[in-house]
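The structure appears below as structure tokens.
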Amino acid sequence: MAQLDPRRQPVRLTPMLFASATALTVGTLMWKVLQPLPVAAPMDPAAALALETQAYAEAAARPGYAQPVEMDIALGKNEDLTAAVIRTGVAPAEAKAAVNLLSKAFNISTLKPGAKMEAAIAPAAEGSTRPAQLVGLTVRTGVAKQLTLTTSRDGAMRLRALEEAVRDERLIAIGEFNGSLFSSAATLGATHALTNQVVNLFAHKLDFQRDIKAGDTFKLVFDRKVTESGRTVEAGNLLYAEVEAKGGVGRFYSFQPQGSRDVQFFDESGKNIKGFLLTTPVYGARISSSFGMRFHPVLGFNRMHTGMDFAAPTGTPILAAGDGVVADAKWWGGYGRWVRLQHGGNWETGYAHMSSIKVRPGQRVRQGDVIGYVGTTGRSTGPHLHFEVWNNRRPVDPRSSKVPQSKILAGQDMIAFRARKREIDTMIAAAEVKREDQPSISHAVAMKASTYHYENENATSRPEVQKASLIAQTGPSRMRKNDLMPLKPALSSTRGMR
């Protein structure tokens, strides 16, 4: 039998086991606390769009509410964002909660009147008096940045940011007219400003409201800044424009001659398309009276008509027929509000019956500048522009007079122009080959700024973009009963990595 030694301390297992268990528990808790919080799964814009579509589809199943509808919101004058959201039909408390969440991500006071947003609203079912529900709200905060707020069925709101990378590219757009040039070109990535430039280039050859028929085609080559989703942020230089209409084809190439401050456009032979004077200084106008003897509709007898009349709605812009200096800008008896421009070589042009004048005496203008607006001031029977052309102080017929011809390139300028033309022609030919593989008549091909190389469509070649992340959210709303499965996150968004 073991003997008791009074000098040895007794071993007590229970306190030791308790202390060990306590240390293990504390250690486990500390390990969990120190672990990083879970982050929302990365998501590129395509995946974000897929989730948005899925969320809107699920939102259609909300009991007591109709299928969500998308609507545009424009911030009114002296209106705050909350009031703009309330106009969609949602409850004031829900609109305020949404705006409060948005304000955590950016300064909403920077939104100016006219700022546009997109909302998705689930209207109450027919016969119900309850307010609509906010499904989603997107606010653009930059040229390639946006915030998207989504709500679940229980009213919880989530806010995500999306910033797409922007790249430079050269676009060859080949299309067939489907409606106006503006709508047809817009579907291929052209902006309104760039298309307006094309219209001005062809103003002396075509009336886009009357001369364009079904089956007519156009080709444009221009630079642009575009987002990863394909949205044009900014259209740059127009390099080439072609329109096939009225049984003929017009082709214009951009080129900057030596010593010129501006890029100009030339036809295939190197002739500057900018004529000395425009024959039609009002786009889309109808000739209501020609040059020559006529029965005056106001005076009631035959009289020499020393110009041409173009009927157009009041307020239609009037363009300077050529480069020059404003000699008169005043009220002039029966001519009403009148502008006279002095051009080179003893040539002058006059514009009468304006509703308002935009220029002042002594001001220099360029061909195509807006100098005023169509009206019916003075001795007039209706809104129109009376247009006169004078040479050596004598009125001449704007249609048949021999005005100075456009200049043709020569020497080193012609050599450089031909090289430029070959470059553009080769790009268009390459785009035509690629277009043959596409079923669509209208097609746009993106190319790098370096000649002849198509934009690489591989994901590895695209600029790096930081993936989607949740930046703010709220808890379930007390306004909505949480009796259904929560809605999945609708749209994830990202901030671009630089």
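The values are calculated or read from the model by the stated rules, or taken from the named source; none is laboratory data. Note that this is a predicted model, so its numbers are computed, not measured. Here the Cβ is made from the backbone with ideal geometry for all residues, glycine too, and neighbour counts use every protein chain on show.
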Quiz item: If you go through the stretch 116-127 one residue at a time, do you hit one that is in contact with a Gly (Cβ under 6 Å, 6 or more places away or on another chain) and either surrounded by fewer than 19 Cβ atoms within 10 Å (Cβ to Cβ) or at pLDDT below 80 (or both)?
Solution: yes
Self-check item: Every pair of residues 6+ apart whose Cβ atoms lie under 9 Å, when the first sits in the stretch 308-328 and is on the phi > 0 side of the Ramachandran plot and at pLDDT 90 or above while the second is of a type in the set (Gly, Ala, Ser) and not in a loop (DSSP other than H, G, I, E, B)
Solution: 315/355; 315/356; 315/375
Quiz prompt | Filtered residues of the stretch 130-149 (kept if farther than 13 Å from residue 94 by Cβ and in a strand (DSSP E or B)) | solution = 138, 139, 140, 141, 142, 145, 146, 147, 148
Quiz item: Going by the conditions given, is residue 342 in contact (Cβ under 8 Å) with a residue 12 or more places away in the chain, outside the structural domain of residue 220 (by TED's automatic domain parsing), more than 21 Å from residue 395 (Cβ to Cβ) and not β-branched (Val, Ile, Thr)?
Solution: no
Practice problem: Go through the stretch 87-125 residue by residue and tally those that are assigned to a loop (DSSP other than H, G, I, E, B), under 17 Å from residue 153 (Cβ atoms) and touching a strand residue (DSSP E or B) at 6+ places or on another chain (Cβ under 7 Å). | Solution: 2
Exercise. With the condition kept exactly as written, say whether any residue in the stretch 149-160 is buried (at least 23 other Cβ atoms within 10 Å of the Cβ) and assigned by TED's automatic domain parsing to the domain that holds residue 266.
Key: no
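In the stretch 182-193, what residues are in contact with a strand residue (DSSP E or B) (Cβ under 7 Å, 6 or more places away or on another chain) and surrounded by fewer than 23 Cβ atoms within 10 Å (Cβ to Cβ)?
Result: 184, 188, 189, 191, 193.
Looking only at residues in the stretch 282-307 that are surrounded by fewer than 18 Cβ atoms within 10 Å (Cβ to Cβ) and within 35 Å of the chain's Cα centre (by Cα), which one is modelled with the highest pLDDT? I'd like the intermediate steps shown before the answer.
Looking only at the stretch 282-307, we keep the residues that are surrounded by fewer than 18 Cβ atoms within 10 Å (Cβ to Cβ), and these are 284, 286-290, 292-304, 306.
From the residues that got through so far, the ones that are within 35 Å of the chain's Cα centre (by Cα) too are 284, 286-287.
Details: 284: 67, 286: 78, 287: 82.
The extreme case among them is 287.
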Exercise. Please name all residue pairs, on different chains or six or more residues apart, with Cβ atoms under 7 Å, provided the first residue is in the stretch 66-88 and is surrounded by fewer than 14 Cβ atoms within 10 Å (Cβ to Cβ) and the second residue is of a type in the set (Lys, Arg).
Key: 72/116; 74/116
Exercise. Please work out if residue 276 is of a type outside the set (Asp, Glu), out of contact with any helix residue (DSSP H, G or I) (no Cβ under 6 Å at 6 or more places or on another chain) and in contact (Cβ under 8 Å) with a residue 24 or more places away in the chain.
Key: yes
